[in-house]
Ligand SMILES: Nc1nc2c(ncn2[C@@H]2O[C@H](COP(=O)(O)OP(=O)(O)OP(=O)(O)O)[C@@H](O)[C@H]2O)c(=O)[nH]1
Ligand SMILES: [Mg+2]
């Protein structure tokens, strides 16, 4: 799918979020996560806008006054892209684009874009492309046409702009083909899993950037890409780990995030099978993150969605080196979410400083 063209000049971006007063849902972190997500695409963030509203405007999501204010800012500051922290309906997208006259990305589009730029293996590429087309199909209007001058950059690693204008039928055909490819991948992966024998299977899960790959590297003495960037890992890696007289299989996979696009979850079911079929989950938590409690909830919710809601879990609180007050977070373990019989144990570690890794090994050993 689309190529990744590096532009000479960085695209200038504004971020837009809302605090919805009627919503009980966890709210706005001053767009911190959206900032990280956006930055990881290499653009320049020029300004952030947050509006407090009672409920989203059905036509334009944010209110009229704010729209005008932002519109003016866009013109005065030569902004190329506006990124929304929420998901927008097709008609909201179109309406806002008419007013702003620049490229609009909603949260799902942005995440899909990041996944597209990270996808390296054939499997990951098929899964991301399928999710992208599913996202685009209901949004196939002429909304992108005035952007044809622009090439590459964030938000265009989807199907090419020209392609979008061609028949929806072509895209449907492509989706059918990708689904077939995905089935083949599913089968291959299933056979691979069968051929691995009867080892106990342990899967690393967690919010993106929590330290899953770092833990895998430590426990299996291998070298998976671990990076300070969101969604560094898109594929599943499985390693055989031998500790004392026991061997088990340890897998590392794609990280979760608040509002992970549903189409991505669907496409990544094959990749996430390792989690679904695991005997034990090691839930890695970045305890140095101010929002880690919310991240735990997001991971639990996502586990339910992929059919892994009933797995035994060991909570691994990571990055204690970066959070000196971690002992206090023990209190947080009284969370209703964590008080169930699925929780078999918990441990505090630093994968970076290799603190408590022996105890983690012992803990896994005792439970397999
Ligand atoms: N300070 C500190 N940083 C850590 C620790 N463990 C991992 N990190 C850093 O956190 C960042 C993310 O680590 P990864 O292992 O790539 O995280 P991940 O969960 O695999 O992330 P994704 O694959 O993107 O979902 C890297 O920069 C790591 O070096 C730790 O114990 N302390
Ligand atoms: Mg990783």
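The values are calculated or read from the model by the stated rules, or taken from the named source; none is laboratory data. Note that the structure is predicted; figures quoted are calculated from it, not measured. Here the Cβ positions follow ideal geometry from the backbone for every residue, glycine too, while neighbour counts run over all protein chains shown.
Here are some notes:
- Test: residue in region 260-275 that is at positive phi and within 16 Å of ligand 1 (Cβ to nearest atom): no
- Residue match in region 236-251 (condition: in contact with a strand residue (DSSP E or B) (Cβ under 6 Å, 6 or more places away or on another chain) and near ligand 1 (Cβ under 8 Å from one of its atoms)): no
- With a requirement of 1 or more residues that are more than 13 Å from ligand 2 (Cβ to nearest atom) and more than 16 Å from the chain's Cα centre (by Cα), the helices (runs of 4 or more DSSP H) lying completely within region 208-299 that satisfy it span 212-220, 273-276.
- Verdict on residue 221 being surrounded by fewer than 18 Cβ atoms within 10 Å (Cβ to Cβ), touching a residue at least 40 places away in the same chain (Cβ under 8 Å) and closer than 30 Å to residue 366 by Cβ: no
- Residues of region 242-254 satisfying the condition of being at pLDDT below 90 and touching a helix residue (DSSP H, G or I) at 6+ places or on another chain (Cβ under 8 Å): 243, 244, 246, 253
- Residue within region 42-55 that is under 16 Å from residue 11 (Cβ atoms), out of contact with any strand residue (DSSP E or B) (no Cβ under 7 Å at 6 or more places or on another chain), in the same structural domain as residue 132 (by TED's automatic domain parsing) and surrounded by 21 or more Cβ atoms within 10 Å (Cβ to Cβ) present: no
- Scan of region 300-316 for residues that are part of a helix (DSSP H, G or I) and in contact with a strand residue (DSSP E or B) (Cβ under 9 Å, 6 or more places away or on another chain), ordered by number: 300, 301, 302, 303
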